[in-house]
Amino acid sequence: NLVFKKSTILYAEDVEANRRVLRGYVHQYGIHVEEAADGVEAFEKALTVKPDLIILDIHMPTLDGLSVLQLLKAERATKDIPVIALSASSINKNTSYNSYGFNEYLEKPLEKKKLIDILKKYIPYDVISTHVRITNPVTKDCILTETDRTSFVGYIKRAKTVIIMEEIEELISL
């Protein structure tokens, strides 16, 4: 289970259905998505929002993704923000887009695994394990194997109570 640090992505895409797909993919990770429907809006939002990552569709109205990238790289406030190219075009993907200054390339239709793999490169995250195994150090018996956090918390509370009761009994016997 991945948990990304609090972050914002600016997603510039003129097709609402495509924006909805990306929102759905990252929603479970708690990543905030700012959206722009064209290149001009994308550039303006990048300046005001200062996102952690920008995903630019290459073919957009008013200002295409390559032009937006040039503007972003010319601005002090946005020049260091990682920018990912997104396109349905299959022209020599990584070589061409990297040579323009994009950090990565994603191909449409957007695949969740590829998107998450790229996000992991640029947005800090933690891996949370929900599988817990507690072993009795003396007998080596497994005393808890749970994937449910609620059960684990309940177990810890019960164990804490047992320890406290043993300490009380020890004090009484003195």
Here the range 98-105 yields Karplus 3J(HN,Hα) values (6.51, -1.76, 1.60; θ = phi - 60°; whole Hz; Gly and Pro given as x) of 5, 5, 7, x, 6, 7, 8, 9
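Would you work out what percent of the accessible area of the range 15-121, with all protein chains in place, is carbon or sulfur (probe 1.4 Å)?
Using a 1.4 Å probe with all protein chains present, the range 15-121 comes out at 50 percent carbon and sulfur.
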Phi to ³J(HN,Hα) by Karplus 6.51 cos²θ - 1.76 cosθ + 1.60 over the range 116-121, Hz, x for Gly, Pro: 5, 4, 6, 4, 5, 6
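The values are calculated or read from the model by the stated rules, or taken from the named source; none is laboratory data. This one's a predicted model, so the numbers in the text were calculated from it and none came from an experiment. In case anyone asks, the SASA skips ligands and DNA or RNA and just uses the protein heavy atoms, side chains included. Shrake-Rupley method; radii C 1.70, N 1.55, O 1.52, S 1.80 Å.
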